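Participant: Have a look at the structure that comes next, please.
The values are calculated or read from the model by the stated rules, or taken from the named source; none is laboratory data. Every value quoted in this text rests on a predicted model; they were computed, and no experiment measured them. Here the Cβ positions follow ideal geometry from the backbone for every residue, glycine too, while neighbour counts run over all protein chains shown. Areas reflect the complete protein model, heavy atoms only, side chains present, ligands, DNA and RNA absent. Shrake-Rupley method; radii C 1.70, N 1.55, O 1.52, S 1.80 Å.
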Amino acid sequence: MACLNEFQVYTSDLTSLLKWTCPRCEGHTKGFQMIEIIVDVEKCLQAFVGVAPDPRSIIIAFRGTQEHSASNWIEDLFWKQLDVTYPGMPDAMVHHGFYSAYYNTTLRHEILKSVQWAWKTYGRLPINVVGHSMGGALASFCALDLSVKWGSHKVQLITFGQPRVGNPAFAEYFNEQVPRTIRVTHENDIVPHLPPYFYYLGEWTYHHFAREVWLRETIVGNVVTRNETVCDCSGEDPTCSRSVYGRSVADHLEYYGVNLHADSRGTCQFVIGASNSAYGDILQFDGTIILSRYPQKRYPVESI
């Protein structure tokens with residue numbers, strides 16, 4: 001379910017995504033109910049919130065880096081610096097770009113508001129947050145935000161091929177606040193190796209949080225075995241993805257046999273149908289498009 005939802009968030013046709021009629025949607029997650037799609041066009045960020053029937057839960061999915069801009073983005077990751085202190089944690093440092101993409105855009109406000117609306121409508125369902133690539137970094141900050149706000153027992157995080165987002169102090173804090181976390185890596189996927197980890201830099205290096213699950217294949221003769229290795233709780237298990245040189249973009253774009261890339265060739269292209277009948281509400285402001293299946297009251301986010 002989680003990987004398939006992450007697959008669908010790469011759909012560029014927002015009308016078909018909202019109506020759940022896109023080719024990527026049909027037949028995979030039957031009965032999924034879309035609540036809201038949020039697109040920051042300027043920053044090329046996309047996320048959606050919906051309700052899944054089995055297991056009954058709220059799904060929050062973040063879109064990752066476009067396939068056709070992946071090389072530039074990956075190259076840039078080599079030079080990412082720890083440059084902002086996580087609020088309330090003086091020793092916890094994170095990268096400003098990842099942090100700001102969640103906290104300082106429309107994404108956060110709309111996601112929190114959608115969860116609030118879903119709880120009022122469907123009851124206090126558990127929340128599953130998923131993301132691939134840069135979307136995994138945004139999903140991580142979202143899961144931490146939700147766990148601090150509403151309790152870790154309500155939130156589960158699953159990411160695929162996500163980069164490191166903070167230092168060891170942040171990773172320790174994250175492990176405490178979001179214990180129900182699975183960070184999936186694949187073979188020689190380059191992105192989980194970035195930004196680089198330098199053990200000798202102590203608190204000034206990037207450090208993954210737990211728990212990693214490493215997907216890989218072993219070949220003995222003509223027999224191919226697909227393995228899932230559950231790694232230790234350090235976040236930097238040397239026997240898992242760190243045991244190989246992560247240099248593959250191809251491994252980054254495929255997880256569990258699912259191709260995780262956009263269906264448009266532009267760096268940030270979205271399509272909206274001419275008819276408004278599919279929507280309960282459409283908002284456009286500050287370079288952001290918000291599509292809601294059902295009209296939502298514009299009330300401030302609150303603890304409920």
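Participant: What number of residues in region 217-245 are at pLDDT below 95 and at negative phi?
Facilitator: 11
Participant: As an exercise: evaluate Asp145 against (1) assigned to a helix (DSSP H, G or I); (2) open to solvent by 20 Å² or more (accessible area, probe 1.4 Å); (3) charged (D, E, K, R) and give the number of the one condition it does not meet.
Facilitator: (2)
Participant: Oh, and also: Given the criterion more than 13 Å from the chain's Cα centre (by Cα), at pLDDT 95 or above, open to solvent by less than 30 Å² (accessible area, probe 1.4 Å) and under 30 Å from Gln33 (Cβ atoms), identify the matching residue among Leu157, Leu125.
Facilitator: Answer to the check: Leu125.
Participant: Please verify whether region 182-201 includes one or more residues that are surrounded by 15 or more Cβ atoms within 10 Å (Cβ to Cβ) and without any contact (Cβ under 8 Å) to a residue 40 or more places away in the chain.
Facilitator: Yes, region 182-201 has at least one match.
Participant: Please go through region 77-94 and pick out each residue that is of a type outside the set (Lys, Arg), in contact with a Leu (Cβ under 8 Å, 6 or more places away or on another chain) and open to solvent by 20 Å² or more (accessible area, probe 1.4 Å).
Facilitator: Those that are of a type outside the set (Lys, Arg), in contact with a Leu (Cβ under 8 Å, 6 or more places away or on another chain) and open to solvent by 20 Å² or more (accessible area, probe 1.4 Å): Phe78, Met93.
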